[in-house]
Each structure stands twice: as C-alpha cells, then as structure tokens.
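Participant: If you scroll down you'll find the structure; I have some questions about it.
Just so it is clear, none of the values below were taken in a lab; they were calculated from the coordinates. Just so we're clear, the structure is a prediction, and the values are computed from it rather than from any experiment. We place every Cβ from the backbone using ideal geometry, glycine too, and count neighbours over all the protein chains shown.
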Amino acid sequence: MLGFNVILFAYHSFAFQLRHTHIWLSYGPVLSWIFISPAQHQVHHSTDPKHWDKNFGFMFAFWDAIWGSLYIPRARETLHFGVPGADPQDFSTVPKIYFLPFVKAARWFQRRVRRASAEQPRT
C-alpha cells in the first residue's frame, strides 16, 4: 500500500504538475495510449487546427482513444497556445479574464433581443 502511495505522489508531484508548463514530457508511443502526458495536454491547448478537439482526458488517454480525440505526437512539436481568433488584450488582466466573458455574453444577448424586436411586425 505504501509503495502505491509513493508512486501516486511522485506522479502527481512531477508529471501531473507539468501539464500547464512549457516542459515537453512525453510518455512514448505505448504509455501515451493509456495516460495523458504533459506533452499531450499541451497539445490540447494549441492554436494549430490539427490539435483542436484533441486530448480531453484528465489522466487517462484511453477515453480519447475510444471517442476518436486522441492525438499522440510522434516527436516534439513547436506549439503556440491561446484561443484562435481572440484578441490577446482580452486576457491581459485578471479582471478581464474573470468578467469579460459575462460582459460579452450580455452584449450578445442585447444584440439578439434588438434583432428579434426589429424583426417583429409592427401593428
């Protein structure tokens, strides 16, 4: 039991914590079918269209394999992170990160209401 806890602690301390860094750590062609490596998780955040909708797994890669969303890089890839088509200024401050989605949703809703009211026939 103690040995298994040590393995879990080591995994969590090293591999799991590296997923949101720029450190490329791949588990190779076999283990990458079972576990999501930091490299696979980094691919998930890539702006490259070939990486979109890939590697959703939190820990296990076999779920992505089942649903057809598994992407295993064969070699180290140069990745660019972000949200495609988004303005980088939208993510420049902490308040923008937290509140701008609500502001944009409210603006979208207002446009929809205005459009719907403009399309209604006048009597």
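Participant: Can you confirm whether V43 is surrounded by 14 or more Cβ atoms within 10 Å (Cβ to Cβ) and of a type in the set (V, I, T)?
Facilitator: Values: surrounded by 14 or more Cβ atoms within 10 Å (Cβ to Cβ): yes; of a type in the set (V, I, T): yes.
Considered against the rule, which asks whether it is surrounded by 14 or more Cβ atoms within 10 Å (Cβ to Cβ) and of a type in the set (V, I, T), V43 comes out as yes.
Participant: Which residue pairs have Cβ atoms under 7 Å apart, sit 6 or more places apart or on different chains, and have a first residue in region 49-61 that is on the phi > 0 side of the Ramachandran plot and a second that is surrounded by 13 or more Cβ atoms within 10 Å (Cβ to Cβ) and not small (G, A, S)?
Facilitator: N55/I36; N55/Q40; N55/H41; N55/V43; N55/H44; N55/D64; N55/L70; N55/Y71
Participant: Can I ask one more? State all residues of region 78-90 that are out of contact with any strand residue (DSSP E or B) (no Cβ under 8 Å at 6 or more places or on another chain) and in a loop (DSSP other than H, G, I, E, B); if no residue qualifies, say none. So that I can check it myself, show each step before the final result.
Facilitator: Here is the first cut: in region 78-90, the ones out of contact with any strand residue (DSSP E or B) (no Cβ under 8 Å at 6 or more places or on another chain) are 78, 82-90.
Residues satisfying the conditions are T78, G82, V83, P84, G85, A86, D87.
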